[in-house]
Amino acid sequence: MKVALHNLGCKVNAYETDAMKQLFEKKGYEIVDFSDAADIYIINTCSVTNIADRKSRQMLHRAKKMNNEAVVVAVGCYAQVAAEQLEKDDAVDVIVGNNKKKDIVEIVEEYLKDHNKFEAVIDIGQDDTYEDFEMSTVTEHTRAYIKIQDGCNQFCSYCIIPYARGRIRSRSMDSIRSEVEKLAAKGYKEFVFTGIHLSSYSYEEKNFVDVIEMVDGIEGVERIRLGSLEPRIVTEDFVSRISKCKSVCPHFHLSMQSGCDTVLKRMNRKYTSAEYFERCELIRKYYDNPAFTTDVIVGFPQETEEEYQITEDFVKKVGFAELHVFKYSMRNGTVAAKMDNQVNDSIKARRSDSLIEVGEKLTEKYREAFLGTECPVLFEEPVVIDGVNYYVGHTKEYIKVAVKAEEDLSGKIVNVTLENPLNKEIILARV
């Protein structure tokens, strides 16, 4: 039978979609592209916003329209929080919540016996087991995402994820080592740790920095990226230890959401802007010109012009290498959705446009600081830009670089000199 999988949402979802794909392959199913005719459609859904819910429903309905006789399976976060609605949806045949994805093949085969609507959704808030997959290959050619943690205990006022993913659960050190060793032996050089709340990793008295040090020592591992970090994990001990790891890239995605303390308090974020800035300065003490990236929500309920301006000023003060700006999107079932003084969409749009412009200028400034310098670049794939053949890759700081090259550079780390911007996203370099 032919199986098509489609992923919505975060890097954790993408990792789990790849894992489910491999489970079907091992059982002899043929994997086809989602746009092709299939007997079984697996949609790994997202529920981070109401818009994500809608996109999840749309993809489920699209699958059924593509083949009315096909088995349509809703998996993941939206399936977890909206199981009752999906039970009434004729487009959906099987509902699989989180922490049941490892059983996806058996669940689908159970449905195929009698074609009675099937639901496999547990009370995720009461489950403390980590759902362990082990990947033998990944979609990308040079970079592998390694999921090491699931769940979240933070309960930020805007976020549904603790209800969709449950409480924090962590993967064993042995399982992480085994997966990385297998992928490194296959030639993967860069490993990106991912999880729902990475900073809370804890397994048998080991924490996240222990995982980093372990993976740094595995043969073949050339680069480690840390995924999204909470500012509070950035202590003197943490930074001093990772700075001694040869593979750790000076590229830090520090979760922020707002640079204004009153907004952070309404969000139930557990740090202040001053504490956030102290963490950035601590990292700069150990790393020369590290890349800081972050996410910012504009138009959070009750956000005033003054509060927005405080965030914009703070963003400039930190000097981010890249900003990901999001307009606040109400999520039913969260504390923020019930707050009064919801911000008008036109105001959200204006603030978003303004902050995106600030972010673009900061990105340009950060990249310019590297012009004329020599950097190791891990090349990923050939591309054609304006009719010219290039190979593209990234520096340790995640600056995207292109070089003209006749030889195949895919998967190779090469020292290049950064020359000038090729476009808004890519720096042209020479070998």
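If we scan the stretch 229-251, do we find a residue that is open to solvent by less than 10 Å² (accessible area, probe 1.4 Å) and touching a His at 6+ places or on another chain (Cβ under 8 Å)? Checked the stretch 229-251: at least one residue is open to solvent by less than 10 Å² (accessible area, probe 1.4 Å) and touching a His at 6+ places or on another chain (Cβ under 8 Å). Going through (1) part of a helix (DSSP H, G or I); (2) farther than 24 Å from Val192 by Cα; (3) in contact (Cβ under 8 Å) with a residue 40 or more places away in the chain one by one, Ile42 falls short only on (1).
Gln149 meets the conditions (1) at pLDDT 90 or above; (2) in contact with a Ser or Thr (Cβ under 8 Å, 6 or more places away or on another chain); (3) over 28 Å from His394 (Cβ atoms) in every case but one. The failed one is (3). For the stretch 91-106, filtering for residues that are open to solvent by less than 20 Å² (accessible area, probe 1.4 Å) and either free of Cβ contacts under 8 Å to residues at least 12 places away in the same chain or of a type in the set (A, V, I, L, M) (or both) leaves 7.
So that you can scan it fast, the table gives a plain yes or no per residue for (1) outside any helix (DSSP H, G or I); (2) under 20 Å from the mean Cα position of the chain (by Cα):
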position	(1), (2)
Arg177	no, no
Ala184	no, no
Ile212	no, yes
Ile224	yes, yes
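If you go through the stretch 48-82 one residue at a time, how many are in a helix (DSSP H, G or I) and hydrophobic (A, V, I, L, M, F, W, C)? Residues flagged as in a helix (DSSP H, G or I) and hydrophobic (A, V, I, L, M, F, W, C) within the stretch 48-82 amount to 9. Criterion first (touching a helix residue (DSSP H, G or I) at 6+ places or on another chain (Cβ under 7 Å) and open to solvent by 20 Å² or more (accessible area, probe 1.4 Å)) does Tyr276 satisfy it? Judged against the criteria, Tyr276 is not a match. Here Lys400 passes the criteria (1) under 17 Å from Thr142 (Cα atoms); (2) at pLDDT below 95 except the one numbered (2).
For Lys88, the requirement of being free of Cβ contacts under 8 Å to residues at least 24 places away in the same chain, over 23 Å from Asp123 (Cβ atoms) and either surrounded by 23 or more Cβ atoms within 10 Å (Cβ to Cβ) or not aromatic (Phe, Trp, Tyr) (or both) is not met.
Of the residues Asn116, Asn99, the single one that is on the phi > 0 side of the Ramachandran plot and either modelled with pLDDT of 95 or more or of a type in the set (S, T, N, Q) (or both) is Asn99. Going by what's in this entry, would Glu381 be described as within 23 Å of Glu190 (Cα to Cα) and at pLDDT below 95? Yes. Residue under question is Glu25, and the condition is that it be within 26 Å of the chain's Cα centre (by Cα), of a type in the set (Asp, Glu) and surrounded by 16 or more Cβ atoms within 10 Å (Cβ to Cβ); does it hold? No, not satisfied.
Comparison of Arg54, Arg62 shows that the only residue that is out of contact with any Ser or Thr (no Cβ under 6 Å at 6 or more places or on another chain), surrounded by fewer than 21 Cβ atoms within 10 Å (Cβ to Cβ), within 18 Å of Thr334 (Cβ to Cβ) and of a type in the set (Lys, Arg) is Arg54. Scanning the stretch 389-410 finds no residues that are open to solvent by 50 Å² or more (accessible area, probe 1.4 Å), within 18 Å of Tyr188 (Cβ to Cβ) and assigned to a strand (DSSP E or B). Listed by first and then second residue, the pairs with beta-carbon distance under 6 Å, at least 6 apart or on different chains, first residue in the stretch 265-287 and in contact (Cβ under 8 Å) with a residue 40 or more places away in the chain, second small (Gly, Ala, Ser), are Met267/Ser157; Asn268/Ser157; Ser273/Gly259; Tyr286/Ser243. The residue pairs whose first member lies in the stretch 200-217 and is under 15 Å from Ser240 (Cα atoms), whose second member is loosely packed, with under 15 Cβ neighbours inside 10 Å, and whose beta carbons are closer than 8 Å, counting only pairs six or more residues apart or on different chains, are Val209/Asp237; Asp216/Lys246. Within the set Val192, Val180, Val221, the sole residue that is among the hydrophobic types (A, V, I, L, M, F, W, C), open to solvent by 10 Å² or more (accessible area, probe 1.4 Å) and touching a strand residue (DSSP E or B) at 6+ places or on another chain (Cβ under 7 Å) turns out to be Val192. Evaluated against (1) hydroxyl-bearing (Ser, Thr, Tyr); (2) crowded, with 18+ Cβ neighbours inside 10 Å; (3) modelled with pLDDT under 95, Tyr41 falls short on exactly one condition, (3).
The values are calculated or read from the model by the stated rules, or taken from the named source; none is laboratory data. What you are looking at is a predicted structure, and each value in this text was computed from that prediction instead of being measured. Every residue, glycine among them, receives a Cβ derived from its backbone with ideal geometry; neighbour counts consider all protein chains shown. Protein only, heavy atoms only, side chains kept; ligands, DNA and RNA dropped before computing areas. Shrake-Rupley method; radii C 1.70, N 1.55, O 1.52, S 1.80 Å.
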